[in-house]
1. Looking only at helices (runs of 4 or more DSSP H) that fall completely inside segment 99-212, which ones have 2 or more residues that are surrounded by 10 or more Cβ atoms within 10 Å (Cβ to Cβ), within 46 Å of the chain's Cα centre (by Cα) and at pLDDT 65 or above?
2. So which residues in segment 472-501 are exposed (fewer than 15 other Cβ atoms within 10 Å of the Cβ), more than 30 Å from ALA45 (Cα to Cα), at pLDDT 85 or above and in contact with a Ser or Thr (Cβ under 9 Å, 6 or more places away or on another chain)?
3. Among the residues of segment 754-768, is any at pLDDT below 85, aliphatic (A, V, I, L, M), within 21 Å of GLN517 (Cα to Cα) and not in a loop (DSSP other than H, G, I, E, B)?
4. Are any of the residues in segment 23-46 at pLDDT below 75, exposed (fewer than 13 other Cβ atoms within 10 Å of the Cβ) and of a type in the set (S, T, N, Q)?
5. Go through the residues of segment 729-745 one by one and say whether even a single one is out of contact with any strand residue (DSSP E or B) (no Cβ under 9 Å at 6 or more places or on another chain), over 22 Å from PHE512 (Cβ atoms), touching a residue at least 40 places away in the same chain (Cβ under 8 Å) and small (Gly, Ala, Ser).
6. Collect the residues in segment 360-377 that are part of a helix (DSSP H, G or I), free of Cβ contacts under 8 Å to residues at least 24 places away in the same chain, open to solvent by less than 60 Å² (accessible area, probe 1.4 Å) and not charged (D, E, K, R), keeping them in residue-number order.
7. Suppose the filter is within 30 Å of ALA260 (Cβ to Cβ), open to solvent by less than 100 Å² (accessible area, probe 1.4 Å) and either modelled with pLDDT of 75 or more or not in a helix (DSSP H, G or I) (or both); does ASP445 pass it?
Amino acid sequence: MANISYMVPRREERLEEYRSAPEPGGAEPQLSLRDLLRTIWHRKALIIAVVFIICSLTTLWLLQVVPLYVATSAVAVETRRETVVKIESVLQGVNPDYYTNETEAAIIGSRATATKVVDQLGLVNNPLFNPDLAPRKVSLFGRLFEALDPGASLASLTPEWITYLMNQIAPAAPEPAVATVAPPDPKQLLRERVVDRFLAAEKITPGERSRVITISFTSEDPGMAALAANALASTYIQQSVNAKYDATARASDWLNDRVAEMRRRVEESSQAVDAYRREIGIVDLQNQSTLLSQQLAELNGKLTTARSERAEAEARYQQVERLLNQPGGITSAAAVLQSPLIQKLREQEAQVVREIADLKTQVKDDHPQMILKRSELADLDDKIGKEVAKIGLSLKNELEITRIREQTLVSEVGDLQRKLESQNQAEVKLHALESEANANKQLYDTMLSRFKETGVEEQGPQQADARLISPAARPLSPAYPRKTLILALAFGASTLLGILLVLIIEHLDNGFRTLEQVEAMTGIPGLGMLPRPTGWRARGLLPSDYMLTMPNSSYGEAIRTIRTGLLLSNIETPPKMVLVTSSLPGEGKSETAVSLARAAAKAGQRTLIIDCDLRHPTLHVKLGVANGSGLVGAVSGITKLEDVIEIDERSGCHYIAAGAGVPSPTDFLGSDPMRRILVRVREVYDLIVLDTPPVLVVSDALVLLRQVDKTLFVARWGKTARDAAIGALRTIIEAGADVAGVVLNQVNLQKQARYRYGNAGKYGNYRKYYIE
């Protein structure tokens, strides 16, 4: 064993490992597809029950539903029309497009069309549409009541107190006030209700890519469905023909009145044209207006030229005036610079300036030659100034002349425009009178022609804008309900609902079902699973007694597996003292401790089990012996330890009962005498099992955790809440316990196979090798 001793951690190392490990309560393992299918298969009874109930209810509903038949006819909106006369301007046909199809479909489905069909077919007297004529229909529950008591009704079977309570909750409505209007006609109300039923049964579908409108009618009677669909189509076609006749008649009456009125207008407009020509005294107004227009165009051209010249003269004069006000500025004017005389004087002035500049380098300023040249320069400046003044005066005179010429042309143009406007006004009025006369004559001719055409059209045949292309046939099978489809949908929906219920039940399961769940959620290894013994209650045996009676049973093998797991938890120094505890009462902790001690004794180990549950001792009950002074007497010193140790005759296991109660069990178990007793028995026995109280109820077990080698935690299969087990394990680990593992107790092996990590079902066939 020395070669594998390094694999087994010491007690201190195990404690440190538990403290450093993540807190218990990890996420549950992911659900794989195989696990899901396994869970669904093992809960197939629930799914089958849900499917059976829903499919049965669906079948009962289908048996109660009245079958409905749908008949369909088709109407095509026509575009080809036989033209007898050209009457399109008076009576327009349809122009089929998307909106036209929608409009025509709305006409077919209108209340007016439905009313005509109702009257035509006499549906007011038909029981399918008149509920007063229909026979009374009794539901399935009503038939059940009548079968139980033919003379009783549902109202008569209702208790009086329920009727009174319903009257208190919903009292009878007060009598209405006296109406101030006449009551409606009952026949008219009945007719409107029949029309409402008819409208609810029809369905009009316009074609999206064709000019075909589909008319469908739903009824309990297949013959009535076909009859109503064909009646809607024929009524719509006849309505379109009647509408054309009515439109032609209205157009004819209207045109007759308009023709007489237009004849009078033509006569009045012709007389007005002649009277105005005589008033203005002009025969050929067009030639005279043309001559005046030509003259006006010539004068406008001259006026434009005069205005341009005036603008140029004004611009030159304004430039000269502006430059005169600036020192030396006049010399830079365009008119001055362009003058030949001024240009010549400028050249002379420039020559004199150069000569003066040369003399300054030779003679003084008062030299006669210098004085002569300066006098010559002043004379040239005086001549230039006089010439510039002449140019300015010339520009002013030129400006005045251009202004006078422009004003003369403006006056002539104005006179000519007034003459032309006068003639234009006369011409406009004359043209207006002539146009009115011509328009009235053309309108009169058009209306007269339309009036004659309308008269012919009114007497001739009318063609409908639609035709019936597919009359409705009597349907052979109902369209509703589709029993096969509905049953298939009910089967699929109920199957999904059953699977959903299975998943919800699995999700709400808060207990441990497998050791893998325990290890995944607590981080503590699972030592084994104790199955629920078969028939132990019938035989009047406890599980520990059953193990002795049937040692080769599955329960006995499970106990031996747990005992082997304890021995292997520390191969180098197998545990001698084991504490057995749980989170809450009722989890089979004491029964597991007794079974473990008996199994060890049967295997030849010197075994001692001590009942440390001083608050609720059960060891003497399970062994069928009296509860003597026991552990309390030995720890208190009243009885010797050798006197309180008893022997179980059936297994050879030694035991110490709890004894009488004590005021403070926690202090009692943690006392020095208790420690000394545990030390003494450790030297004598191979295995000591301590049966302690649940850790979440009392803290008695916590004071013993550090005095034992291993702690065995028991949880009830499927019953112990995960939060409770995780909290209890956290408590004992924090108190310093060396937890060997978790045991799932009272396992139902048949149900265990349903859960995703359980392999018990895989080995279920091997039970025949055990003697139950």
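The values are calculated or read from the model by the stated rules, or taken from the named source; none is laboratory data. Small disclaimer: the values here were computed from a predicted structure and weren't measured. Neighbour counts are summed over all protein chains in view; Cβ atoms, including those assigned to glycine, are modelled from backbone coordinates with ideal geometry. Heavy atoms of the whole protein, side chains included, go into the accessibility calculation; ligands, DNA and RNA do not. Shrake-Rupley method; radii C 1.70, N 1.55, O 1.52, S 1.80 Å.
1. Numbers: elements: 111-121, 140-148, 160-169, 186-201.
In segment 99-212, 111-121, 186-201 are the helices (runs of 4 or more DSSP H) which contain 2 or more residues that are surrounded by 10 or more Cβ atoms within 10 Å (Cβ to Cβ), within 46 Å of the chain's Cα centre (by Cα) and at pLDDT 65 or above.
2. ALA473
3. no
4. Yes, segment 23-46 contains a residue that is at pLDDT below 75, exposed (fewer than 13 other Cβ atoms within 10 Å of the Cβ) and of a type in the set (S, T, N, Q).
5. yes
6. Going residue by residue through segment 360-377, those that are part of a helix (DSSP H, G or I) are 368-377.
Filter once more, so that each one left must be free of Cβ contacts under 8 Å to residues at least 24 places away in the same chain: 368-375.
Restricting the remaining residues to those that are open to solvent by less than 60 Å² (accessible area, probe 1.4 Å) gives 370, 373.
Of everything in segment 360-377, just one residue is part of a helix (DSSP H, G or I), free of Cβ contacts under 8 Å to residues at least 24 places away in the same chain, open to solvent by less than 60 Å² (accessible area, probe 1.4 Å) and not charged (D, E, K, R), namely MET370.
7. Values: within 30 Å of ALA260 (Cβ to Cβ): yes; open to solvent by less than 100 Å² (accessible area, probe 1.4 Å): yes; either modelled with pLDDT of 75 or more or not in a helix (DSSP H, G or I) (or both): yes.
So ASP445 fits the description; yes.
Yes/no matrix, rows are residues, columns are (1) at pLDDT below 70; (2) within 30 Å of VAL410 (Cβ to Cβ); (3) loosely packed, with under 14 Cβ neighbours inside 10 Å:
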{"position": "GLU268", "(1), (2), (3)": "no, no, yes"}
{"position": "GLN326", "(1), (2), (3)": "yes, no, yes"}
{"position": "SER332", "(1), (2), (3)": "yes, no, yes"}
{"position": "GLU349", "(1), (2), (3)": "no, no, no"}
{"position": "ASP358", "(1), (2), (3)": "no, no, yes"}
